[in-house]
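Trainee: Quick one: the structure is below, questions incoming.
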Amino acid sequence: MKKQLLLFLAICLLAGRNVSFAQELVVDGNMENEASWTVILDPGASDLSDVLLNYQSDYPEGGGDGSLYIKGYGQTNSYVYQKVTLVPGHKYSFSGLVKSIGADEVTNAWIELILSKTEPAAGFGAGDKDYIYSKNSWMAAPYNDFSSIDGDFMNTAEFQWKKAKDDASDSILTSHEFVLPEDSPEEWFVVVKAGCWNTAGDPMPTFEFLFDNISLVDINNSTGVAQVSNKNMMAVYPNPSNGIINIKSNSNSPVNFDIYNVSGLLVKSGITGNQFDAISLKRGVYMIKLESNSLIELHRLVVE
């Protein structure tokens, strides 16, 4: 569906038509801004836990720049969250990236991306009818081998997306997209969580996980109508590029940018006056959407 959307946007670019864009609900899902997320550390009295936003040393495949870093040992749960407002009956896309940089065998550890009806507090866990991605290493090898986790929660990391405690017929979902039931509340919370449980005398390695590009998109939202320009009021150069990308605009206003890969997944976004760093992007072809003063342009971007 996202490939079709990008093709449609490209056609609109050539035709100079009006087009509506789905609405991203997560604020600063690139995990670079501490002010957008509430952090909760829920460790045991003598156990290790650490949470850092805008972590600069590494990031999951497909991410870039800052990421969320969560480390833990012993009996601990750590998570970050923010509130979102949803519309019952609308279709949504829920996704994110994750990478393990700790020990390969992290026995009794877990990582989760949760869309929760309950605001997190001490002892928080996914509840009835919450939407979650989850993986744990409670079982013996190979389930405790997290060394291959690097990329998309569902696809690359082989996670399952589940509606906790729902009917068995639709408890496991195979797509990022879902329709929010009509009887659902409007207030929800996007939660990124990691933790472990270590019984006395049973040592385990310290876990270290990175999270990036957390996204919740209202596919049905069509309020953000803008004019797609075919006059190239903005320019992207050099193109192809292997480093810094410059954006030239005929106005002095900041430019919002979203970069999508060939699968239609948002891989980088931000706001810039004239340039940004594309070193974190893998080699390939991308679509970059530029928006400034209600004007939107789409450009093909090649990264070498």
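The values are calculated or read from the model by the stated rules, or taken from the named source; none is laboratory data. Remember, predicted model here, so these are calculated numbers, not experimental data. Neighbour counts are summed over all protein chains in view; Cβ atoms, including those assigned to glycine, are modelled from backbone coordinates with ideal geometry.
Trainee: Going through Asp202, Asp183 one at a time, which residue ends up being of a type outside the set (A, V, I, L, M, F, W, C), at pLDDT below 65 and not in a strand (DSSP E or B)? Lay out the reasoning, then the answer.
Mentor: On the way: Asp183 fails: at pLDDT below 65.
It is Asp202.
Trainee: Can you pull out every residue in segment 77-115 that is more than 20 Å from Ser175 (Cβ to Cβ) and polar (S, T, N, Q)?
Mentor: Asn77, Ser78, Gln82, Thr85, Ser100, Thr107, Asn108, listed by residue number.
Trainee: Consider only pairs whose beta carbons are under 8 Å apart and that are at least six residues apart or on different chains; among these, list those whose first residue lies in segment 188-200 and is among the hydroxyl-bearing types (Ser, Thr, Tyr) and whose second residue is surrounded by 24 or more Cβ atoms within 10 Å (Cβ to Cβ) and modelled with pLDDT of 95 or more.
Mentor: Pairs that qualify, where the first residue is among the hydroxyl-bearing types (Ser, Thr, Tyr) and the partner is surrounded by 24 or more Cβ atoms within 10 Å (Cβ to Cβ) and modelled with pLDDT of 95 or more: there are none.
Trainee: Another question, then. Quick check on segment 210-250: of everything there that is among the β-branched types (Val, Ile, Thr), modelled with pLDDT of 65 or more and surrounded by 14 or more Cβ atoms within 10 Å (Cβ to Cβ), which residue is nearest to Tyr79 (Cα to Cα)? Please lay out each step first, then the result.
Mentor: Initial filter on segment 210-250 (among the β-branched types (Val, Ile, Thr)): 214, 217, 219, 223, 225, 228, 236, 244-245, 247.
Narrowing further to those that are modelled with pLDDT of 65 or more: 214, 217, 219, 236, 244-245, 247.
Filter once more, keeping what is surrounded by 14 or more Cβ atoms within 10 Å (Cβ to Cβ): 214, 217, 219, 236, 245, 247.
Details: Ile214: 13, Val217: 21, Ile219: 26, Val236: 37, Ile245: 34, Ile247: 36 Å.
Residue satisfying both the conditions and the ranking: Ile214.
Trainee: For segment 44-58, does any single residue satisfy the condition of being charged (D, E, K, R), assigned by TED's automatic domain parsing to the domain that holds Leu97, surrounded by 16 or more Cβ atoms within 10 Å (Cβ to Cβ) and modelled with pLDDT of 55 or more?
Mentor: No.
Trainee: Out of Lys135, Lys129, which single residue is outside any strand (DSSP E or B), of a type outside the set (Phe, Trp, Tyr) and modelled with pLDDT of 65 or more?
Mentor: The unique qualifying residue is Lys129.
Trainee: Here is a further query. Of the conditions (1) under 23 Å from Pro88 (Cα atoms); (2) at pLDDT below 85, Phe159 satisfies every one except a single condition; which number is it?
Mentor: Condition (1) is where Phe159 drops out.
Trainee: Quick test of your reading of the structure: Lys83 fulfils all but one of (1) modelled with pLDDT of 90 or more; (2) surrounded by 18 or more Cβ atoms within 10 Å (Cβ to Cβ). Name the failing condition by number.
Mentor: Condition (2) is where Lys83 drops out.
Trainee: In addition: Somewhere in segment 254-265, is a residue of a type in the set (Ser, Thr, Tyr) and at pLDDT 80 or above?
Mentor: yes
Residue-by-condition table, conditions (1) of a type in the set (Ser, Thr, Tyr); (2) touching a Ser or Thr at 6+ places or on another chain (Cβ under 9 Å); (3) under 30 Å from Ala278 (Cα atoms):
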position: Tyr55; (1), (2), (3): yes, yes, yes
position: Tyr59; (1), (2), (3): yes, yes, yes
position: Gly64; (1), (2), (3): no, yes, yes
position: His90; (1), (2), (3): no, no, no
position: Phe94; (1), (2), (3): no, yes, yes
position: Ile101; (1), (2), (3): no, yes, yes
position: Trp110; (1), (2), (3): no, yes, no
position: Ile132; (1), (2), (3): no, yes, no
